[in-house]
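First up is the structure itself, then whatever we jot down about it.
The values are calculated or read from the model by the stated rules, or taken from the named source; none is laboratory data. Predicted, not measured: the structure shown is a model, and the values here were computed from it. So basically every Cβ, Gly included, is an ideal-geometry build from the backbone, and we count neighbours across all protein chains shown. Calculation scope for accessible area: heavy atoms of the full protein, side chains included, ligands and nucleic acids excluded. Shrake-Rupley method; radii C 1.70, N 1.55, O 1.52, S 1.80 Å.
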Amino acid sequence: MKKVVKPYHFSQMKSLADFSRTMGADGLDFPVSENLDILNQPYTLYGKTVPNRMGIQPLEGFDGLPNGAPSDLIFRRYHRYAAGGSGLIWYESIAISDDGRCNPLQMVINDETVPEIKRLIQESNAAAAQAMGSHHIPYNIVQLTHSGRRSTNKNWEPTPLAATRNPYMDDHNAIDGRSGPLEVATDEKIEEIVEGFIHGAELSAEAGFDAVDVKVCHEYILRELLSAFTRPGKYGGSFENRTRALFDIIDGIRKRVGDGIEICVRLNAYDCVPYPYGWGMVKEEGVMRPDLTEPIQLCRMLTERGVKLINLSTMMPRYRPYGAGLMAEHDEHDITPYAGVFDLLKATRDIKAQVPDGIFMCTGLTWLEQFGANVGAGGIEQGLFDIAGFGRQAFAYPDYARDIISGKGMQRNKCCITCDKCYDLIQIGHTTTGCVVRDQEVYLPLYRSKVQKKG
């Protein structure tokens, strides 16, 4: 992954006023609040009380067992998350099939793995109750996925399955930037994937999750179908066709599981890839500018079907929907993530304003380091979103929420410093990942051996 340009020195910012002044000078007027109390406010989600408005985003550790069950490291990670006080835990992507894994150690949900996944939830809930009190049980969501063009076999070899050809993406499909022989999924294969999601939701209910996320973000198969303007047949071209698989899954889950599990989505607000190969972009070929018309339409349709919780993302928050977008990863353009985060929060605000029945979780706060909580609180106060979402921050600082609840705020010496070493472990080391800086006992030896090739 290309390193980003980081012009801001958060360690030198001594106050929220310093942060706002520095960002504002570059036109990045993030919503902020000194008062973090709103983050500790309970709320109702699908009839259940969620302890607070802080959520952990789905983030894989590339550390499951070969059969797809959770490993000891996964149990450790979610115990730490739960004990850390976040009110909502969005469990990492779990593949619906072996051929849909993005790495050889991604979890898979099937009859064999469900008992251990169930134990993972039960033990994590117990860790939350022990640390936070019996009243505090996090709301647990599982993200189901088929990795599509990001699929990888057991030898870390790319096995990309695409919804359609895409000249902006076809030469770099794997998470480490490689590609492989590209296969375009047939309608029959899409139908198989739809059934896999529905059955995965049945198993997720059995495991004890509160809700299932039908993953429609980043570079995975359901997201790609949203932008399949050039695909022929019933899954491409028109808006109805491009959303068909998603709604077939939702309707199938409702029919098969009933009220046994709720449904939510993590959705790209836009793709940072030009039309006709990108979702949520102006329909002018090659133009890198967002158009939220279809994302708003989709979000309205989702909420009308009872899918109220929507977690908005993009390919990655570091990419802006202007200029080079995702292509900055592969050419001479610099990547400055703070503008990308600002644009994504602005899009979240604009979509939420048009979808009043939705409950929205934001993405990208980790880039703002110790001020992420202030922006989360400010965004909720100002109505940009409803839940403050933290991704890589949880790798580094799993108890960030507990510190906020206790009145300490986010501690600079615990925060993720956005160094990308966790990505280096994946992309260079092809190994388990986590925070090399803040969780050194586990991940520093891996970094030294797998990335730096020392010893």
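Remarks
- Criterion violated by S86 - all others in (1) in contact with a Lys or Arg (Cβ under 8 Å, 6 or more places away or on another chain); (2) within 30 Å of D37 (Cβ to Cβ); (3) of a type outside the set (A, V, I, L, M) satisfied: (1)
- Answer from G236, G200, G252, G208 - the residue that is surrounded by 17 or more Cβ atoms within 10 Å (Cβ to Cβ), within 25 Å of M288 (Cβ to Cβ) and of a type in the set (G, A, S): G236
Yes/no matrix, rows are residues, columns are (1) surrounded by 23 or more Cβ atoms within 10 Å (Cβ to Cβ); (2) under 23 Å from the mean Cα position of the chain (by Cα):
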{"residue": "A401", "(1), (2)": "yes, yes"}
{"residue": "I405", "(1), (2)": "no, no"}
{"residue": "Q411", "(1), (2)": "no, no"}
{"residue": "I417", "(1), (2)": "no, yes"}
{"residue": "D420", "(1), (2)": "no, yes"}
{"residue": "D424", "(1), (2)": "no, yes"}
{"residue": "G434", "(1), (2)": "yes, yes"}
{"residue": "Q452", "(1), (2)": "no, no"}
{"residue": "G455", "(1), (2)": "no, no"}
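- Every residue from segment 307-362 that is open to solvent by 10 Å² or more (accessible area, probe 1.4 Å), among the aromatic types (F, W, Y) and closer than 30 Å to T44 by Cα: F342
- Taking the criterion of being open to solvent by less than 10 Å² (accessible area, probe 1.4 Å), in contact with a Gly (Cβ under 7 Å, 6 or more places away or on another chain) and of a type in the set (A, V, I, L, M, F, W, C), the residues of segment 363-397 that qualify are L365, A373, F385, I387, A388, F390.
- In segment 373-407, the residues that are closer than 25 Å to A269 by Cβ and of a type in the set (S, T, Y): Y400
- Long-range neighbours under 7 Å by Cβ, at least six apart or interchain, first residue open to solvent by 30 Å² or more (accessible area, probe 1.4 Å) within segment 1-23, second assigned to a loop (DSSP other than H, G, I, E, B) and among the aromatic types (F, W, Y): T22/Y8
- The condition of being under 16 Å from the mean Cα position of the chain (by Cα) and outside any strand (DSSP E or B) holds for only one of G429, G340, that being G340.
- Among the candidates G100, G85, residue that is open to solvent by less than 10 Å² (accessible area, probe 1.4 Å) and at positive phi: G85
- Number of positions in segment 171-193 that are part of a loop (DSSP other than H, G, I, E, B) and either over 22 Å from the mean Cα position of the chain (by Cα) or β-branched (V, I, T) (or both): 8
- Residue satisfying condition, being modelled with pLDDT of 95 or more, small (G, A, S) and under 17 Å from the mean Cα position of the chain (by Cα), within set G148, G196, G233: G148
- Considering segment 107-149, and only residues there that are of a type in the set (D, E, K, R) and open to solvent by 10 Å² or more (accessible area, probe 1.4 Å), the residue that is nearest to G64 (Cα to Cα) turns out to be E116.
- Single match in A129, A205 (criterion: in contact with a helix residue (DSSP H, G or I) (Cβ under 7 Å, 6 or more places away or on another chain) and either small (G, A, S) or not in a helix (DSSP H, G or I) (or both)): A205
- Considering S124, S134, S86, S151, the condition of being among the polar types (S, T, N, Q) and in contact (Cβ under 8 Å) with a residue 60 or more places away in the chain is satisfied by S86 alone.
- The lone criterion from (1) out of contact with any Lys or Arg (no Cβ under 9 Å at 6 or more places or on another chain); (2) farther than 19 Å from L326 by Cα; (3) surrounded by 21 or more Cβ atoms within 10 Å (Cβ to Cβ) left unmet by T152 is number (1).
- One residue alone among F229, F247 is among the aromatic types (F, W, Y) and part of a loop (DSSP other than H, G, I, E, B), and that residue is F229.
- Pick from segment 232-243, criterion in a loop (DSSP other than H, G, I, E, B) and either of a type outside the set (D, E, K, R) or out of contact with any helix residue (DSSP H, G or I) (no Cβ under 8 Å at 6 or more places or on another chain) (or both), ranking: farthest from A162 (Cα to Cα): S238
- The single residue among L368, L345, L384 that is in a loop (DSSP other than H, G, I, E, B), under 20 Å from the mean Cα position of the chain (by Cα) and modelled with pLDDT of 95 or more turns out to be L384.
- Unmet criterion (only one of (1) surrounded by fewer than 21 Cβ atoms within 10 Å (Cβ to Cβ); (2) farther than 18 Å from G260 by Cβ) for E195: (2)
- Here is the figure for segment 93-126: residues that are over 27 Å from T431 (Cα atoms) and either in contact with a His (Cβ under 7 Å, 6 or more places away or on another chain) or of a type in the set (A, V, I, L, M) (or both) total 1.
- Residue in segment 155-169 that is most open to solvent (accessible area, probe 1.4 Å), counting only those that are under 18 Å from G237 (Cα atoms) and more than 22 Å from the chain's Cα centre (by Cα): R165
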